[in-house]
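Peer 1: Before we start, here is the structure in question, set down as structure tokens.
The values are calculated or read from the model by the stated rules, or taken from the named source; none is laboratory data. Since the structure is predicted, the reported quantities are computational estimates derived from the model, not experimental observations. For neighbour counting, all protein chains shown are included, and Cβ atoms are generated from backbone atoms with ideal geometry for every residue, glycine included. When the accessible area is computed, the model is the full protein with side chains, heavy atoms only, and any ligands, DNA or RNA have been set aside. Shrake-Rupley method; radii C 1.70, N 1.55, O 1.52, S 1.80 Å.
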Amino acid sequence: MPVRSMSRTFTCATRCCWARSASATGSISSATRTRCGLLRNGPYLVEINLISNLLLEYVKDYSQHPFPEYLRIGIPVALSTDDRGMWDSNMTDEYFVAVREFNLSWSELVKLGRNSLRYSFVDEPTKQRLLTDYDKRVAAFA
């Protein structure tokens, strides 16, 4: 997939979920609903870097981050880190911030992990094997 297409999709995702907070009435336009629908049902995943987004001042505080809205309206998201050497963060830190700041449920945590496998760049048989193994491990843990 060309980088240009991926960039356009990310821009749509950003507009999709930031549009509500920018709207005085809290209503979502028809075009925004269409973009959200495309992201929910399309082949794309939005990677979320909570810590670096805050440190780079893309958001003033976590309450402004669109991550929980993406997750809760069904846009596929997964947590990721940016540059560990620069931000001194790892995946544990990202999940800790997500749980602490957004009060994630167990099912939301499981969904984040599952999304990272479902949208991974591996061949389909490997992906299915990994998803099956993940589901078994989650069931055994819960």
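Peer 1: Given Leu54, Leu112, which one is out of contact with any Lys or Arg (no Cβ under 6 Å at 6 or more places or on another chain), open to solvent by less than 60 Å² (accessible area, probe 1.4 Å) and closer than 27 Å to Thr34 by Cβ?
Peer 2: Working: Leu54 fails: closer than 27 Å to Thr34 by Cβ.
Among Leu54, Leu112, only Leu112 is out of contact with any Lys or Arg (no Cβ under 6 Å at 6 or more places or on another chain), open to solvent by less than 60 Å² (accessible area, probe 1.4 Å) and closer than 27 Å to Thr34 by Cβ.
Peer 1: Oh, and also: What is the residue count in the stretch 75-97 for residues that are polar (S, T, N, Q) and part of a helix (DSSP H, G or I)? First the steps, then the outcome.
Peer 2: First, the residues of the stretch 75-97 that are polar (S, T, N, Q): 80-81, 89-90, 92.
Of the ones still in play, those that are also part of a helix (DSSP H, G or I) are 92.
Qualifying residue count for the region: 1.
Peer 1: For the subset of the stretch 15-51 comprising residues that are open to solvent by less than 90 Å² (accessible area, probe 1.4 Å), assigned to a loop (DSSP other than H, G, I, E, B) and under 16 Å from Ile75 (Cα atoms), which member is modelled with the lowest pLDDT?
Peer 2: Ile28
Peer 1: May I pose another question? Report, ordered by the first and then the second residue, all pairs with beta carbons closer than 6 Å, sequence separation of six or more or different chains, a first member in the stretch 90-110 that is of a type in the set (Val, Ile, Thr), and a second member that is surrounded by fewer than 16 Cβ atoms within 10 Å (Cβ to Cβ).
Peer 2: What qualifies is Val110/Val138.
Peer 1: Oh, and also: Which pairs have Cβ atoms under 8 Å, sit 6 or more apart or on different chains, and link a residue in the stretch 117-132 that is part of a helix (DSSP H, G or I) to one that is among the hydroxyl-bearing types (Ser, Thr, Tyr) and surrounded by 13 or more Cβ atoms within 10 Å (Cβ to Cβ)?
Peer 2: Qualifying pairs under 8 Å: Leu117/Tyr134; Lys127/Ser120; Leu130/Ser120.
Peer 1: Every residue in the stretch 98-110 that is more than 14 Å from the chain's Cα centre (by Cα) and either within 25 Å of Thr132 (Cβ to Cβ) or in a helix (DSSP H, G or I) (or both), please. Show your work before the answer.
Peer 2: Step one: filter the stretch 98-110 for residues more than 14 Å from the chain's Cα centre (by Cα), giving 100-101, 103, 105-107.
Of everything in the stretch 98-110, those that are more than 14 Å from the chain's Cα centre (by Cα) and either within 25 Å of Thr132 (Cβ to Cβ) or in a helix (DSSP H, G or I) (or both) turn out to be Arg100, Glu101, Ser105, Trp106, Ser107.
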